[in-house]
Amino acid sequence: MSIHIGAEKGQIAETILLPGDPMRAKYIADNFLEDVYCYNEVRGMLGFTGYYKGHKVSVQGSGMGVPSISIYVNELIKDYGVKNLIRVGSCGSFQEDVKVRDIILAMTSSTDSAINKIRFEGKDFAPVADFELLNAAYHNAKDHNVTVHVGNILTSDTFYGDKPDAWKQWADFGVLAVEMETTALYTLAAKYNAKALTILTVSDSLVTGEELNSVDRQNTFTQMMEIALSII
Ligand SMILES: O=P(O)(O)O[C@H]1O[C@H](CO)[C@@H](O)[C@H]1O
Ligand SMILES: O=c1cc[nH]c(=O)[nH]1
């Protein structure tokens with residue numbers, strides 16, 4: 001066991017899907033995996049291991065925000081030997097042509113989090129996706145006629161910010177959408193020589209105000225899950 005994950009060594013696969021929502025982890029396990037067992041209930045942050053088309057894969061809720069996912073990614077890599085980490089999350093679109101339910105592959109992530117300023121003592125680190133995972137996910141999406149966007153996203157420390165128009169500057173610089181974890185995931189993957197990719201489904205649009213409800217965010221992002229599972 002590690003501090004936040006109740007699994008024994010060997011119970012977590014080398015490849016793992018990381019939804020923020022633990023109930024999305026359960027949805028993936030229930031609907032996509034075979035021979036599933038639940039290896040973690042610590043803090044209600046559910047984790048499961050099973051098989052997808054014969055390949056062993058795990059799925060672990062990672063919580064909301066940089067500190068939460070950082071805890072899980074550290075322990076998954078250092079204590080359980082995880083090598084491939086694929087975040088499957090929701091995001092808010094900054095661009096008119098990035099519509100609700102479209103898929104985004106995060107090539108890199110900008111951030112308003114101070115975590116890397118602190119880590120690199122004021123210098124700027126550029127977090128990037130693993131190219132092989134990104135390339136495979138892109139071609140899988142294209143092969144299945146999924147509307148997919150590839151580019152820069154924003155990892156934000158705030159869901160409810162104080163300045164309602166602050167997102168527009170990121171939008172002007174081509175940032176596609178906002179979520180809350182990828183900078184940490186890509187940075188820790190780089191630190192520990194693991195591979196990481198963030199796949200996002202657009203759950204809402206800051207441009208139009210359209211948004212999906214919480215049940216849809218938990219249960220309906222099947223295209224994203226299929227892309228993630230297809231590249232394992
Ligand atoms: O749907 P998940 O994976 O949780 O991702 C997004 O949703 C949460 C906010 O509602 C944040 O964690 C954000 O990154
Ligand atoms: O972090 C997030 C996730 C989904 N939608 C948003 O607007 N922000």
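Provide a single number: the residues in region 124-173 that are hydroxyl-bearing (Ser, Thr, Tyr) and away from ligand 2 (no atom under 15 Å from the Cβ). It would help to see each step written out before you state the result.
Quick first cut of region 124-173, residues hydroxyl-bearing (Ser, Thr, Tyr) only: 138, 147, 155-156, 158, 160.
After this cut, where a residue has to be away from ligand 2 (no atom under 15 Å from the Cβ) as well, the list is 138, 147.
Here the count works out to 2.
From LEU185, LEU176, LEU206, LEU197, grab the single residue that is at pLDDT 95 or above, out of contact with any Cys (no Cβ under 7 Å at 6 or more places or on another chain) and away from ligand 2 (no atom under 16 Å from the Cβ).
Details: LEU185 fails: away from ligand 2 (no atom under 16 Å from the Cβ); LEU176 fails: away from ligand 2 (no atom under 16 Å from the Cβ); LEU206 fails: away from ligand 2 (no atom under 16 Å from the Cβ).
Within the list LEU185, LEU176, LEU206, LEU197, the selection yields LEU197.
Quick one: which helices (runs of 4 or more DSSP H) lie wholly within region 127-232 and hold at least 2 residues that are within 26 Å of GLU34 (Cβ to Cβ) and open to solvent by 20 Å² or more (accessible area, probe 1.4 Å)? Even if it seems obvious, please write down each step before you answer.
On the way: elements: 131-143, 167-172, 182-191, 214-219, 222-230.
Counting at least 2 such residues, we get 131-143, 214-219, 222-230.
Going through region 46-66 one residue at a time, which ones are more than 16 Å from ligand 2 (Cβ to nearest atom) and surrounded by fewer than 20 Cβ atoms within 10 Å (Cβ to Cβ)? Quick ask: steps written out before the conclusion?
We begin by selecting, within region 46-66, every residue more than 16 Å from ligand 2 (Cβ to nearest atom); these are 46-60.
Answer for region 46-66, where residues must be more than 16 Å from ligand 2 (Cβ to nearest atom) and surrounded by fewer than 20 Cβ atoms within 10 Å (Cβ to Cβ): TYR51, LYS53, GLY54, HIS55, LYS56.
The values are calculated or read from the model by the stated rules, or taken from the named source; none is laboratory data. For clarity, every value in this text was computed on a predicted model and none was experimentally measured. All Cβ positions, glycine included, derive from the backbone under ideal geometry; neighbour counts span all protein chains shown. Ligands, DNA and RNA are stripped out before the accessible areas are found, and what is left, the full protein with its side chains, is counted by its heavy atoms. Shrake-Rupley method; radii C 1.70, N 1.55, O 1.52, S 1.80 Å.
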